[in-house]
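Trainee: Pasting a structure here, questions to come.
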Amino acid sequence: MEYIYTIRDSQGKMREAIAQADSPAILRTRLSARGLDVIDIKERGGMTAKQMYVRVNDVLLQFERVSLKDMVVFSRQFSAMVSSGVAMLRTLSIIVEQCPNRRLKLALDDIRKSVESGLSLSDAMARQSSIFDRLYIAIVKAGEAGGILSDVLKRLADYLEYREKLNQKVRAAMVYPSVVLVIAIGVFWAMLTFVLPVFEGLFKNIGGELPLYTQFLIALSEGVRSIYMVFFLILCGIAFYFLRRFYRTETGRLYIDGLQLSLPLFGDLIKKVAIARFSRTFGTLIRAGVPMLNALDVVKDTAGNAVVAKGIDQIYDEVRQGGTISKPMSRNAIFPPMVTQMIAVGEETGRLDDMLSKVADFYDMEVENSVEQLTSLLEPIMVVGIGGVVGSVVVGMYLPIFTVINQLH
């Protein structure tokens, strides 16, 4: 930064000058070391081009996304180098130099400095909570306590790869209907805005009374092209804003997530994804050595669905009082009987993490099958839907022509 400093010279006169420094304290120390009597230091108004560039770059950096793929690559590299005997600080320095993601690069550099100053790796990562979530920190902390950091980092990389694959499956199910719906709305809007007005002029020249359906389409076309459409879009934006605010409340999230689970086609898929995520996350935490209650607390935050999180919260209360995991699960309809039974067997045999992994594998296959079935089912429905949208406008345009032909006959 640039600062304007005021000093008193040897003749007792006040003089001002400009200098660059990292902070006012550093500048004061530097000037005092030269034997100058410093009166005042203040930041210079305005910013230089370089400072403006740095500020803009910092703002843009906040919007740069750290993807799961970036986290997988980091975890793999970290695990491989630590297991090879490379010192942690040296490992972090090498990864920082090679990291292509600028936001992750800055976060890892801050972690390196924190570890160098004496913090543990998990505590240093906790300072970067926007990138490293509670699950990641909990597993690293357990790995540090057990002396198996390289192993837990490998498990973390496997888990993050699983999450990425699961997200891709869900996106594959959601992208197709979303794209087709947008195209259908765009085609319908284009026909009402550009095509129907041309026929409207023709209908007026023909004269006579138009069919009711055609009159409805003309009125709808005029509404789309009028100022009322702007008001309608503004109202939709306001409704969406308040819906998001309602979703951020505990009651709103429970209500909306409950509605998602009860959707006709997508509800079953959302439930299977939630069960698969719960099983894989819980199993990964248990296998890494995270205490049961801590693992349940972390899983609740990463469930992705408020209804499932509430069920996990009930399990947490039962286990804290000395109970089992399977008992509260059997009382909650969100957890299928097969999941409850396998977890009960895992508790009895002491192989809970293995059973959770088997449940996750089973539901991974179920999610994949559901995505394929949903895609094959939605494809003809969407094709018929677009045809119906276009056909409804075309029928409305040609009905008056058929009426005129009948009158001529």
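Bear in mind that the values in this text are calculations on the coordinates, not laboratory data. As the structure is a prediction and not an experimental result, all values here were calculated from the model. As a convention, Cβ positions derive from the backbone with ideal geometry for all residues, glycine included, and neighbour counts pool all protein chains shown.
Trainee: ³J(HN,Hα) across segment 307-321 via Karplus (A = 6.51, B = -1.76, C = 1.60, θ = phi - 60°), whole Hz, x for Gly/Pro?
Mentor: Once rounded to whole Hz, the list reads 5, 5, 4, 5, x, 5, 5, 5, 5, 4, 4, 5, 5, 4, 8.
Trainee: Another one. When the helices in the chain are scored as -39500 (n - 2.57) per DSSP H run of 4 or longer and the sum is shared across all residues, what 222 nm value do you end up with, to the nearest 500 deg cm²/dmol? Numbers along the way, then the final one.
Mentor: Values: 18 runs with 306 residues, N = 409.
After summing the helix terms and dividing by the residues of the chain, the value is -25000 deg cm²/dmol.
Trainee: First check a/c for segment 65-157, with a ≥ b ≥ c the square roots of the eigenvalues of its C-alpha gyration tensor; if it is under 1.5, answer rounded, and if not, answer prolate when a/b is larger than b/c or oblate otherwise.
Mentor: Rounded, since a/c falls under 1.5.
Trainee: Residue by residue, what Karplus-based ³J(HN,Hα) values in Hz, rounded to whole numbers, does segment 256-268 have, using 6.51, -1.76 and 1.60 with θ = phi - 60° and x for Gly and Pro?
Mentor: Karplus-based 3J(HN,Hα) across segment 256-268 equals 5, 5, x, 5, 4, 5, 9, 4, x, 9, 8, x, 5 Hz.
Trainee: Top mean-square fluctuation among G289, G201, G322, Gaussian network model of the chain, C-alpha springs under 10 Å?
Mentor: Comparing G289, G201, G322 in the GNM, the peak value goes to G201.
Trainee: Specify the angular offset, from 0 to 90 degrees and rounded to the nearest 10, of the alpha carbon long axis of helix 212-224 from the longest principal axis of the alpha carbons in the chain.
Mentor: Its long axis makes an angle of about 30 degrees.
Trainee: Next question, about the same structure. If you average the sequence gap of Cα pairs under 8 Å that are 6 or more apart and divide by the length of segment 300-340, what percent do you get for the contact order?
Mentor: Reported relative contact order: 30 percent.
Trainee: Nearest 0.05, what FRET efficiency do T349 and K204 give at R0 = 56 Å with Cβ-Cβ as r?
Mentor: Here the calculated transfer efficiency is 0.10.
Trainee: I've got another one for you. Summing +1 for each Lys or Arg and -1 for each Asp or Glu, what net charge is found among the other residues whose Cβ lies under 15 Å from the Cβ of T249?
Mentor: Local net charge: +3.
Trainee: Go ahead and set up a Gaussian network model of the chain, Cα springs under 10 Å, then flag whichever of T349, T214, T29 fluctuates most.
Mentor: Looking only at T349, T214, T29, the largest GNM fluctuation is found for T29.
Trainee: So what are the ³J(HN,Hα) numbers for segment 80-97, from phi and the Karplus equation (6.51, -1.76, 1.60; θ = phi - 60°), rounded to whole Hz, Gly and Pro as x?
Mentor: Along segment 80-97, the couplings run 5, 6, 5, 5, 7, x, 6, 4, 4, 5, 5, 4, 5, 5, 5, 5, 4, 5 Hz.
Trainee: Angle check, please: helix 337-349 long axis (alpha carbons) against the longest principal axis of the chain (alpha carbons), in degrees 0 to 90, nearest 10.
Mentor: Helix 337-349 and the main axis of the chain meet at about 30 degrees.
Trainee: Something else now. Treat every Asp and Glu Cβ in segment 318-370 as -1 and every Lys and Arg Cβ as +1, leave all other atoms uncharged, and give the resulting dipole magnitude about the Cα centre to the nearest 20 debye.
Mentor: 340
Trainee: Among Y247, Y159, Y363, determine the one that fluctuates most according to a GNM of the chain built with springs between C-alpha atoms less than 10 Å apart.
Mentor: Y247
Trainee: Average the reciprocal distances over every distinct pair of alpha-carbons in segment 127-181, invert the result, and give the Kirkwood radius in Å.
Mentor: After inverting the mean inverse Cα-Cα distance, the result is 13.2 Å.
Trainee: Give me the extension gain from T375 to E2: residue separation times 0.36 nm, minus the current Cα-Cα distance, reported in nm with one decimal.
Mentor: 128.3 nm
Trainee: Also: Apply 1/(1 + (r/R0)^6) to the Cβ-Cβ distance of S83 and N167, taking R0 = 35 Å, and write down the FRET efficiency to the nearest 0.05.
Mentor: Result of the calculation: an efficiency of 0.80.
Trainee: Pop a pseudo-label 7 angstrom from the Cα along the beta-carbon direction at both M174 and S330 and give the gap in nm to one decimal.
Mentor: 3.5
Trainee: Shifting gears a bit: Hey, rough spin-label estimate for S93 and F231, points 7 angstrom out along Cα→Cβ, what's it come to in nanometres?
Mentor: 6.8
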